Amino acid sequence: MKIKKGKFRAKLAISCIIALCCVVGIGYSGYKIVEWLIDSNNTKEQTATIEEAAEVKEIEDNSETEIIPTEDETDLYHKYLSMKLLDINFDELTTINQDTAGWISLSGTDINYPFVQTSNNDYYLKHSFDRSYNSAGWVFADFRNKLDGTDRNFILYAHGRYDGTMFGTLRNILTNNWLKNPENFTVRTVTAKETASWQVFSTYRIPTTSDYIQTDFKSDEEFMNLVEKVKNRSAHDFNTTVSATDHILTLSTCYSSTERVVLHAKLIKRAPR
């Protein structure tokens, strides 16, 4: 009888532990859901304030506008060149956050945000534009980029939020709806030094890797090795030539805990600010 009672107590203890673990797990999941919703709401509220402060506007080309030489003399290329560049009110944005480094806008997505830069690639994974703690993070430039027009690979990161904020809609680049409209294949950026337009040449989804996260190159050959690698990965043939003298833009976000969505574009037009 004592043996049976002992087994019963052991089973009861195990059942209690399992039940407790379930309760803790459910409680933690509930907490994370509430946190996600609060952070999402805060991000959307900030975005509305930022759009008003930024005063984003399109500007006409002028005598200082530089057209980057290319072999791709196509009708589409000239259509992309005809798109107006952007400008923003940096003074208002830097009043909110001194780390403001520029603006990014990608056609065919909801990506239309200021981006920031600090001394590392960790801080803005968990902080919003106003520097408050927020699991949604913000769009930020690689800390190694100079943002003076000389970067050969200008890299921007953000979380791929399921509510579509930050780089949440970057996954659009993998869909047929996005790919069948060539007018989507352009990115516009603004920094303190210049405003620029970029033509997309590669989009893909890949298991997490950092082999495309490179800002400095020892030679043109090393740069072109990277270009060819990411072009070969593309899920779509953009039929766009990239040369050793080009500058490229890289957008990178999470697709899942083990995968990334990446876009690469080449500089086609810029003007000093």
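3J(HN,Hα) along the stretch 93-98: 5, 6, 5, 6, 8, 5 Hz, from the Karplus curve 6.51 cos²θ - 1.76 cosθ + 1.60 with θ = phi - 60°, whole Hz, x for Gly and Pro. Here r is the Cβ-Cβ distance between Arg233 and Ile67 and R0 is 30 Å; the resulting FRET efficiency, rounded to 0.05, is 0.60. Figure legend: label point modelled 7 angstrom from the Cα of Tyr77 along Cα→Cβ; residues of the stretch 183-217 with amide N under 15 Å from it are 198-201.
Dividing the helix sum by the residues of the chain, where each DSSP H run of 4 or more adds -39500 (n - 2.57), gives a mean residue ellipticity at 222 nm of -10500 deg cm²/dmol.
Between amide H atoms placed 1.01 Å from N, distances below 5 Å from Arg260 occur with Ile206, Thr208, Tyr255, all of them 5 or more places distant or on a separate chain.
Set the Förster distance to 22 Å, then compute FRET efficiency between Ser210 and Asp148 from the Cβ-Cβ distance, nearest 0.05. Could the numbers behind the result be given before it?
Numbers: r = 24 Å, r/R0 = 1.08.
Here the calculated transfer efficiency is 0.40.
In the stretch 23-176, what is the count of Lys pairs whose alpha carbons are under 26 Å apart, counting only pairs at least 8 residues apart or on separate chains? Here the count comes out as 9. As a length-normalised measure over Cα pairs under 8 Å and 6 or more apart, the relative contact order of the chain settles at 19 percent.
Across the options Asn177, His127, Val139, the greatest Cα extent toward the positive end of the charge dipole of the chain (unit charges at beta carbon of Lys, Arg, Asp, Glu) belongs to His127. Neighbour counts of C-beta atoms inside 10 Å place Arg188, Arg205 in the sequence Arg205, Arg188, starting with the fewest.
Put simply, the C-alpha atoms of the stretch 73-151 give a gyration tensor, and the ellipsoid matching it has half-axes of 27, 14, 13 Å, longest first. Computed from the alpha carbon atoms alone, the convex hull of the stretch 41-272 holds 119 Å³ per residue.
Laboratory data are not the source of any read-out in this text; all were calculated from the coordinates shown. The structure displayed is predicted, hence computed values, not measured ones. As a convention, Cβ positions derive from the backbone with ideal geometry for all residues, glycine included, and neighbour counts pool all protein chains shown.
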